[in-house]
Amino acid sequence: MRTYLFVAAVAGGVTYLLTPLIRHMAIEFGAVGEVRARDVHTVPTPRMGGVGMLLGFVVSMMFASRLNLTNRLFAGSMQPWIIVIGAIGVCLLGVCDDRWDLDWMLKLAGQLAISVFVAWGGLQVVSLPFGSLVAASPSVSMAITAILIVASINAVNFVDGLDGLSSGIVAIGGIAFAIYSYIIARSSPNYASMATLIDVALVGICVGFILHNWHPAKLFMGDSGSMLLGYLVTCASIVMTGRIDPATIHTSIYLPVFMPILLPVLVLFLPVLDMCLAIIRRVSKGQSPMHPDRMHLHHRMLRIGHTVQGAVLTLWGWAALIAFGSIMVLFFPVGYVGIGFAIATVLLTVITMYPYLKHRIPEIRAENAALAAAREQTRGSGRPKHSAGTVAAGGRHERPEGPEERGRA
């Protein structure tokens, strides 16, 4: 455990120290995000923060290759360095987008090329959860691996809209998954786990970057950072499948996360949900799935009255509920976990809706009062107005006697 904490500290420290330098480089390079109609920020802000995160990850992996517990993971295996090369490729692709705003089809093609390269290098989903674990063919493994990596890359990219949001969500998911992978590794003769190593380094670079990215942010991670985070969290989940033997392990043992295909979905539930809603919303309007808009989850949070910090913290809470709720069944009975999950869901729902209710309930009361007053006024103006005479018993109006009537009498 101390080794993993050291790796996380190295990753976070390097990211934190180098990020100010990266900020100056981004300004000189021209990677400064102009204020667009869909943006929340109001001041042009440098991007390319992902470069600092990449450097933190690479340095931490180099340290890990020399540590007693984890050096055996690098001995005689190219997989760790394939992951590092893929991370460099994804980050450089993001840098190009941060600087020149690449067309979405070109960016997607680059993501697919890097994903296929990583899968060809040995990072593959080796089993599928169909009743019991079924070994996948090499071609199917490569295809599923590429799809998972590209989907996760874009999911994190979609949710990167508020200061500290995506890095915090990924850090929360990384902590939950690191706990799970560490528990799995303890059941094997070798405690060292590449999945746990990637996760703790991922958490480290997220924490190191958040210190510069908290609202108001001095630097955005840009696509170079969001794509890197999505790539790494998926690599960690796929790496773990290499420890599972389909011939001896049944899926029911791993029901808390139901194996590799659902791991990125659970860890990145909010980004994946936001991405799916955005694609459905845009396609239904006849638009490109990558067409920008202001209907993401974080935009909706701001619209109902949350501050930027409040929206980020609330979405962090939802991410933590889903990520940690999926691993709590490892430690507690399912019934207790379900009760706790329900209570936390109600609490987070109240917190989520509180700004809206705080402003809307007084407005509803004022609207109801105004409506009641209008009805009362309408009812009053509709009453019959009688003359000075009285109404006779038969219902006829009697006028007071004039001079002529009195004379006749």
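The values are calculated or read from the model by the stated rules, or taken from the named source; none is laboratory data. Everything quoted here is computed from the prediction, not taken from an experiment. Glycine also receives a Cβ, built like all others from the backbone with ideal geometry; neighbour counts cover every protein chain displayed.
Here are some notes:
- Pairs, first more than 15 Å from Gly161 (Cα to Cα) and part of a helix (DSSP H, G or I) in segment 255-276, second at pLDDT 70 or above and among the polar types (S, T, N, Q), C-beta under 6 Å, six or more apart: Leu263/Ser237; Pro264/Ser152; Pro264/Thr234; Pro264/Ser237; Leu266/Ser326
- Segment 140-193 - residue that is farther than 16 Å from Asn213 by Cβ and outside any helix (DSSP H, G or I) and, of those, modelled with the lowest pLDDT: Pro189
- So Leu347, is it at pLDDT 95 or above and closer than 24 Å to Leu268 by Cβ: yes
- Checked against the criterion of being more than 30 Å from Met25 (Cα to Cα) and either at pLDDT 90 or above or under 25 Å from the mean Cα position of the chain (by Cα) (or both), segment 90-112 has no qualifying residue.
- Considering only residues in segment 78-102 that are without any contact (Cβ under 8 Å) to a residue 12 or more places away in the chain and assigned to a loop (DSSP other than H, G, I, E, B), the one that is nearest to Leu219 (Cα to Cα) turns out to be Asp101.
- One residue stands out in segment 45-78 among those that are crowded, with 20+ Cβ neighbours inside 10 Å, of a type in the set (S, T, N, Q) and modelled with pLDDT under 95: the one that is farthest from Tyr4 (Cα to Cα), namely Thr45.
- Test for Gly335: is it modelled with pLDDT of 85 or more, part of a helix (DSSP H, G or I) and surrounded by fewer than 10 Cβ atoms within 10 Å (Cβ to Cβ): yes
- Residues satisfying the stated conditions in segment 11-27, i.e. among the hydrophobic types (A, V, I, L, M, F, W, C) and farther than 12 Å from Leu197 by Cα: Val14, Leu17, Leu18, Leu21, Ile22, Met25, Ala26, Ile27
- The residue that is farthest from the chain's Cα centre (by Cα), among those in segment 42-77 that are in a loop (DSSP other than H, G, I, E, B) and among the β-branched types (Val, Ile, Thr), is Thr70.
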